1. So which of ASN244, ASN223 ends up being part of a loop (DSSP other than H, G, I, E, B), without any contact (Cβ under 8 Å) to a residue 40 or more places away in the chain and exposed (fewer than 13 other Cβ atoms within 10 Å of the Cβ)?
2. Would you pick out the residues in the range 97-115 that are within 18 Å of PHE52 (Cα to Cα) and either part of a strand (DSSP E or B) or out of contact with any Asp or Glu (no Cβ under 7 Å at 6 or more places or on another chain) (or both)?
3. Any chance the range 69-80 includes a residue that's in a loop (DSSP other than H, G, I, E, B), of a type in the set (A, V, I, L, M, F, W, C) and either free of Cβ contacts under 8 Å to residues at least 40 places away in the same chain or in contact with a strand residue (DSSP E or B) (Cβ under 9 Å, 6 or more places away or on another chain) (or both)?
4. Give the residue, chosen from ASP84, ASP66, ASP48, that is touching a helix residue (DSSP H, G or I) at 6+ places or on another chain (Cβ under 7 Å), open to solvent by 10 Å² or more (accessible area, probe 1.4 Å) and in a loop (DSSP other than H, G, I, E, B).
5. Quick one: in the range 103-151, which of the residues that are out of contact with any strand residue (DSSP E or B) (no Cβ under 8 Å at 6 or more places or on another chain) and of a type in the set (S, T, N, Q) is farthest from PHE191 (Cα to Cα)?
6. When you go through ILE94, ILE116 one by one, which is the residue that is surrounded by 13 or more Cβ atoms within 10 Å (Cβ to Cβ) and within 21 Å of LEU172 (Cβ to Cβ)?
7. If we keep just the residues of the range 159-215 that are part of a helix (DSSP H, G or I) and over 22 Å from ARG145 (Cα atoms), which is most open to solvent (accessible area, probe 1.4 Å)?
Amino acid sequence: MSLNLFVKCKECGAIIERKKFIENKYVCNICGDYEVLDFKKRLSMILDKDTFEETNAHANFYNPIDFPGYLEKHESIVNKTDLDEAIITGRGFICGYKVMIGIMDIRYMMGSMGVIVGEKVTRLFEDAQDDKIPVVMFIASGGARMQEGIFSLMQMAKTAAAVSKFSKEGGLYISVLTNPTTGGVSASFAFLGDIILAEPRALIGFAGKRVIEQTIKEKLPTNFQTSEFLFEHGFIDLIVERNNLKETIGEILKIHN
């Protein structure tokens, strides 16, 4: 069996024809499990063809507290992937509507937010404000980046301030929560969208389930910190299947145009 022709679902173990798997937007047609996407796959699904223009690319590596091994970790990821940070930002069109777009990629240190991520998110909203166009963010993150200590935590306030300023100027911000969206990112710009969408069964939360159970001394529901649980409790506006995501965002942009 050729590995180039078939893929194995990480959730149910089903063997799926690669072509059909890609046509189904990297969703298992047996169990419905969603593969976590890298930024290139996400861009190809969401933006109109050949409209992406990257902004604020190739930021210099920054180690504010001289954390041991941080540079080596960064260099290892750069050598193995097409990333030099955990977020890609730029301009493009969705269903004919111009937007600023940000896509987080967990291949770089679980999509954690450090100083450079905070700066790129801030500039994304500033560019959108200057161009007077909406912002669409695809969130996937393990939270704040421990290797940058307090400087990482400061990005929560910085990015939240950028969103607030953009909002006060009348800007539209669509936040799309994907698997996983956790920690300091979920506690800052991820949940500040005017409209918050989520993919099905995504892990979304702040602290881990086990930590919360130990703190409150209670057993939490099995579906706790999933898209479905948050939608049921009013934290997100809509759960959207990946096949319908571009069309849904396009309709929102049309209504607010």
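1. Values: ASN244 fails: part of a loop (DSSP other than H, G, I, E, B).
Checking each option against the conditions leaves just ASN223.
2. Hits for the range 97-115 are TYR97, LYS98, VAL99, MET100, ILE101, GLY102, ILE103, MET104.
3. no
4. Exactly one residue qualifies, and that residue is ASP84.
5. Result: GLN147.
6. ILE94
7. LYS168
Residues are listed down the side, and each one gets a yes or a no for (1) over 24 Å from VAL99 (Cα atoms); (2) touching a helix residue (DSSP H, G or I) at 6+ places or on another chain (Cβ under 8 Å):
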residue	(1), (2)
VAL185	no, yes
PHE191	no, no
ILE195	no, yes
GLY205	yes, yes
LEU220	yes, yes
HIS233	yes, no
LEU238	no, yes
THR248	no, no
GLU251	no, no
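The values are calculated or read from the model by the stated rules, or taken from the named source; none is laboratory data. Just so we're clear, the structure is a prediction, and the values are computed from it rather than from any experiment. Neighbour counts are summed over all protein chains in view; Cβ atoms, including those assigned to glycine, are modelled from backbone coordinates with ideal geometry. Note: accessible area is taken over every heavy atom of the protein model, side chains too, but ligands, DNA and RNA are not part of it. Shrake-Rupley method; radii C 1.70, N 1.55, O 1.52, S 1.80 Å.
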